[in-house]
Amino acid sequence: MSLTTTRPGAAADRAAPGLEGRLAALTDALDVAADAVDQVVAARARADLEAVRTRYALGTEHTVVALVGGTGSGKSSLFNAISGLLFADVGTLRPTTDEAAACVWGADATALLDFLHVAPARRIQRESELDGDHERDLHGMVLLDLPDHDSVAGDHAAQVDRLLPLVDLLVWVLDPQKYADNLLHERYLQALRDREENLLVVVNQADTLPAGAVDRVRAHVRELLAADGLDAVAVLATSAVEHTGIGAVRERLAHAVARPATRLATARAEADAVAARLAGEVGRAEPDLPDAGRGAVELARAAGPGAAGTGASGAGAAGPKAAGREAAAPRRPEFGAADAVVAADAVVSAVRARWVAEATAGLPERWAARVDAAVGPAAEVGDAVAMAVASAVTGPHPPSRRAARLATLGVALALATVAYVVLALVQGAGAAATVVPGLAGLVAAAVVAARGVAVRREDRDAAATASEARRVAAARDVVDRLLAAPTADVLARHRQLREAVLTR
């Protein structure tokens, strides 16, 4: 099968700014989230994001290909067969699996290999003036021979785990006898579903299999890969001894090197992996802010006239004037000032607790704790409400002009009636001329007086309603400042991280 080895890179170049924006968004969101994210998870995410950023910046001219496999899979032999070099012939450099080795085709890759922690003694330049044309298709490739992933030496697996996210094309080299190993599939291959396009599986040492068994092994490997979610991965058979399949592998590598999108896909896949790990640190959505008006009404009533006080400071928090009004307010004998303080404090605590519960519904525990820590404590909320409500309450409301005029008119009518009756009696007027007008005048005065009383009652009711509105407005200001604003800030931070995690 012939593979096209040239592909325009314009699409990848256009996508790079999007990648940089995503890396920046994730980093900024982590900074904003602060301790609402597990610090171990956050530290790893920051390190991985910085590694992706650095890798992409350093490796735009190189495609990193890694041979990965277990002990005895023949990675080093395959490495030599692909490169056409015997490392044993180059100084003291030997193809071991203790630490990564690299072969570079084309431009200098020193900075990239330094970043990948490939020791200088484990590097070799492949192309020369004698065979440059033969190796031209691989120009720009960095081929790594990684340590065995199943080695008993812990640092070998650590090297593999560190380098896998930074590799553009993974060539997983399988031992024909151990290709079904659980560790291989469960720890590594299943985790590479998002990188299926840039994964190649090679059944190496095909020369050790009986005649006709190679195709059966390859078919079984495909079945296992399909079960891992990697049904589109190509499976090749190779033999470094007989040089079987090496050309097909090199053709696949040349195809990857010619595609700038290969390098971009690596960075994207690692950004996706970081985001996937951070997904467990955020909820599905932000809860709506609780009803601030409801809490304000309850707090205002708890701190209003007749309540001995609220919050930690009790009546004293509202000031001397408020304390005086409260002392003058009628109370039931069995409910004293201390009881009123306890009741008011209980209302404040209940309002705050309900607020936190509603504002954190569905959030992870750390974010819920951040909301709880951000909003004002009950004592602070209670004191603030008491002071605000006391400032909002005014003294006795004077009667309106209409009530004053009615009162004056009633008195005037009564006095005029009395004067008329006295004058009529002095002049010796008859009963009809005295009693009837007198009664009519007194009735009129009574009606006017009654209307004046009604108007005064309306004035008191209006004043009470206005006072209640001022108390609620004052309490609402406290709710907005000590409950709503801090909650909104935490939820905005949560939203920033959640959207950064979900954006692809």
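The values are calculated or read from the model by the stated rules, or taken from the named source; none is laboratory data. Since the model is a prediction, treat every value here as computed from it, not as a measurement. Ideal geometry is used to build each Cβ from the backbone, glycine not excepted, and the neighbour counts take in all protein chains shown.
Quick notes on this structure:
- You will find that of 318, 258, 302, 307, the residue that is within 30 Å of residue 137 (Cβ to Cβ), aliphatic (A, V, I, L, M) and at pLDDT below 90 is 258 and no other.
- Residue 74 assigned by TED's automatic domain parsing to the domain that holds residue 206 and out of contact with any helix residue (DSSP H, G or I) (no Cβ under 8 Å at 6 or more places or on another chain): yes
- Odd one out for residue 195 among (1) under 21 Å from residue 82 (Cα atoms); (2) touching a helix residue (DSSP H, G or I) at 6+ places or on another chain (Cβ under 7 Å); (3) modelled with pLDDT under 90: (1)
- So residue 85, is it touching a strand residue (DSSP E or B) at 6+ places or on another chain (Cβ under 7 Å) and either at pLDDT 85 or above or not in a helix (DSSP H, G or I) (or both): yes
- The set of residues from the stretch 273-293 being part of a loop (DSSP other than H, G, I, E, B) and of a type outside the set (Asp, Glu) comprises 282, 283, 284, 285, 287, 289, 290.
- Put simply, of 66, 33 the only residue that is over 30 Å from residue 183 (Cα atoms) and either of a type in the set (Ser, Thr, Tyr) or touching a residue at least 40 places away in the same chain (Cβ under 8 Å) (or both) is 33.
- Residues that are aliphatic (A, V, I, L, M) and at pLDDT below 90 within the stretch 210-221 comprise just one, 211.
- Among (1) in contact with a helix residue (DSSP H, G or I) (Cβ under 9 Å, 6 or more places away or on another chain); (2) among the small types (Gly, Ala, Ser); (3) not in a helix (DSSP H, G or I), the one test that residue 211 misses: (1)
- Residue 289 being within 14 Å of residue 476 (Cβ to Cβ), in contact with a helix residue (DSSP H, G or I) (Cβ under 8 Å, 6 or more places away or on another chain) and surrounded by fewer than 17 Cβ atoms within 10 Å (Cβ to Cβ): yes
- Hey, residue 130 part of a loop (DSSP other than H, G, I, E, B), more than 46 Å from the chain's Cα centre (by Cα) and modelled with pLDDT of 75 or more or not: no
- Taking the conditions (1) charged (D, E, K, R); (2) in contact (Cβ under 8 Å) with a residue 60 or more places away in the chain; (3) in contact with a Lys or Arg (Cβ under 9 Å, 6 or more places away or on another chain) in turn, residue 228 satisfies each one other than (2).
- Within the stretch 475-487, the set of residues being surrounded by 16 or more Cβ atoms within 10 Å (Cβ to Cβ) and aliphatic (A, V, I, L, M) comprises 475, 478, 479, 482, 483, 484.
- Applying the condition of being out of contact with any strand residue (DSSP E or B) (no Cβ under 8 Å at 6 or more places or on another chain) and part of a loop (DSSP other than H, G, I, E, B) to the stretch 155-204 and asking which residue is surrounded by the most Cβ atoms within 10 Å (Cβ to Cβ) yields 181.
- Some residue of the stretch 227-247 being in a helix (DSSP H, G or I), buried (at least 21 other Cβ atoms within 10 Å of the Cβ) and either small (Gly, Ala, Ser) or out of contact with any helix residue (DSSP H, G or I) (no Cβ under 9 Å at 6 or more places or on another chain) (or both): no
- Taking the conditions (1) closer than 15 Å to residue 295 by Cα; (2) outside any helix (DSSP H, G or I); (3) at pLDDT 95 or above in turn, residue 353 satisfies each one other than (2).
- Search result, residues across the stretch 206-221 that are touching a residue at least 12 places away in the same chain (Cβ under 8 Å) and basic (Lys, Arg): 218
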